[in-house]
DNA sequence: CTGATAAGGTGTCATAATAACACTAATATT
DNA sequence: AATATTAGTGTTATTATGACACCTTATCAG
């Protein structure tokens, strides 16, 4: 571990991405090579690192996100701190920590952040450790306590997306209403009536219709829209809401 | 600092109390005696301590709450982690930390918890440091970064009280509808129409009318009610809500 | 060029939730 | 007996929600 690293505090980022079909999370491969094949293993973890000395939590989260994806100016939000003394005590975790020169007996508190990106904008190959997008509904058996962190991060995203206009962080700048609807459907794991959804979306002033249509699509092209943060700020009456049954 | 204390991680508890008139927060006096009166000072802080080695965050928060108030089985909820490297760098903070034998240069991450109690149930004299209830609307100039922690804790309480039945944690077991309404009003800093409030409260099954009335009150005595967690759990359709304009 | 495929786009109505609003009732105190 | 203080109560207009089905516009295959 580096000289200027704080060994007691880490950040784990739940990086959510939307590919117009499902909600994904960016996972890193954790591969332990060993001559004894009963010890070697390969599984996956969230994106995480220790913070540096004198580094704020937000700065650390942004740095880690940048070092993993090459992205800056990304939506990032802290959602929970995990500090169970046994959170690094799984057998594999101990083997792994020793293999990278860390003492498994040191209690590490990790702060969970979630971040939102459009899947297409991320160069998965950016990171030296193999990174890949995985359907959040299918993820399991992550390293350490990362299953629990992912679960809590997803709950935080669901709560937040119902009360603030963060859905647009997961979409490209120009999007169709069907894409926006699909996004709410996969994030909240619900079905939404198309006509009711469009009615509600269109009566907001901050989802602005462009005089432009989808291209290169094998059916009737849809109208494109943009989210205007300026209009949102200027018109919000204190309550954003996107509740559908 | 104790041998078994983790010097890197602390907990700060925003202990909210309701006295039927306003929302209070429990603060501890921070008094530094010094022969030079320009150095001596006395101000206030939230309730906080470092965690112990091998102690979980939730356990630490419950322990600190108990050690300060003598209370157990109290509603406690983690809301945010604070880790700015300069969060203990106010001049007074440095003097204070040195006076109690701690190194102000060590970065301490603190995890914020809020807890809810009925003001009357707390023996303020329990703690050796002078503790007192203060109107949250009037609190300012707290020690360290505690103003910021209180602000964030209050936001968390406001968010939570609108979507989960935690208001009852701030009331005695038997309460009147006017008390419940007043609680929502002071927590959310809004006015609520009495008839609309009562209509909504009474159409829930889990606020149960008792065949008992207020006593020792100098006006028409009000009917008493209880919150039934069993009925709440059995009947909730996934959405608790208390939204009033 | 025609038919198949695939998603885009549109309106009405019934029900439920919200918000505005003012007077009488019951108790304790003087 | 009068006063002070809070408890308690219904109606109506407006708005939001939820259920529901068909035609349109483009590409592609033959």
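The values are calculated or read from the model by the stated rules, or taken from the named source; none is laboratory data. Since we're looking at a predicted model, the values are computed, not measured. With ideal geometry, Cβ positions are generated from the backbone for all residues, glycine too; neighbour counts draw on all protein chains shown.
Summary table
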| read-out | value |
| --- | --- |
| Within segment A:182-201, considering residues that are away from chain B (no Cβ under 14 Å), part of a loop (DSSP other than H, G, I, E, B) and away from DNA strand C (no atom under 11 Å from the Cβ), the one surrounded by the fewest Cβ atoms within 10 Å (Cβ to Cβ) | A:191 |
| Unmet criterion (only one of (1) over 26 Å from the mean Cα position of the chain (by Cα); (2) more than 13 Å from DNA strand D (Cβ to nearest atom)) for residue A:213 | (2) |
| Scan of segment B:36-56 for residues that are within 14 Å of chain A (Cβ to nearest Cβ) and over 22 Å from residue B:11 (Cα atoms), ordered by number | none |
| Subset of segment A:207-224 that is away from DNA strand C (no atom under 12 Å from the Cβ) and modelled with pLDDT under 95 - its residue that is nearest to residue A:174 (Cα to Cα) | A:215 |
| Residue A:204 vs. criteria away from DNA strand C (no atom under 11 Å from the Cβ) and over 26 Å from residue A:71 (Cβ atoms) | yes |
| Qualifying position, being within 11 Å of another protein chain (Cβ to nearest Cβ) and not in a helix (DSSP H, G or I), among A:29, A:77 | A:77 |
| Members of segment A:170-181 that are part of a helix (DSSP H, G or I) and surrounded by fewer than 17 Cβ atoms within 10 Å (Cβ to Cβ) | A:178 |
| Scan of segment A:80-94 for residues that are under 24 Å from the mean Cα position of the chain (by Cα) and within 14 Å of chain B (Cβ to nearest Cβ), ordered by number | A:80, A:81, A:82, A:83, A:84, A:87, A:88 |
| Yes/no for residue A:148 being assigned to a helix (DSSP H, G or I), away from DNA strand D (no atom under 16 Å from the Cβ) and within 14 Å of another protein chain (Cβ to nearest Cβ) | yes |
| Qualifying residue in segment B:58-65 (condition: within 11 Å of chain A (Cβ to nearest Cβ), crowded, with 19+ Cβ neighbours inside 10 Å and closer than 24 Å to residue B:151 by Cα) | yes |
| Search result, residues across segment B:95-125 that are closer than 21 Å to residue B:26 by Cα, within 14 Å of another protein chain (Cβ to nearest Cβ) and assigned to a loop (DSSP other than H, G, I, E, B) | none |
| Condition check for residue B:132: more than 16 Å from DNA strand C (Cβ to nearest atom), more than 14 Å from chain A (Cβ to nearest Cβ), part of a strand (DSSP E or B) and at pLDDT below 95 | yes |
| Scope segment A:1-11; condition surrounded by fewer than 24 Cβ atoms within 10 Å (Cβ to Cβ) and under 28 Å from residue A:118 (Cα atoms); matching residues | A:10 |
| Failed criterion for residue A:104 (all others in (1) under 20 Å from the mean Cα position of the chain (by Cα); (2) free of Cβ contacts under 8 Å to residues at least 24 places away in the same chain hold) | (1) |
| Residues within segment A:199-210 that are within 9 Å of DNA strand D (Cβ to nearest atom) and touching a residue at least 40 places away in the same chain (Cβ under 8 Å), tallied | 1 |
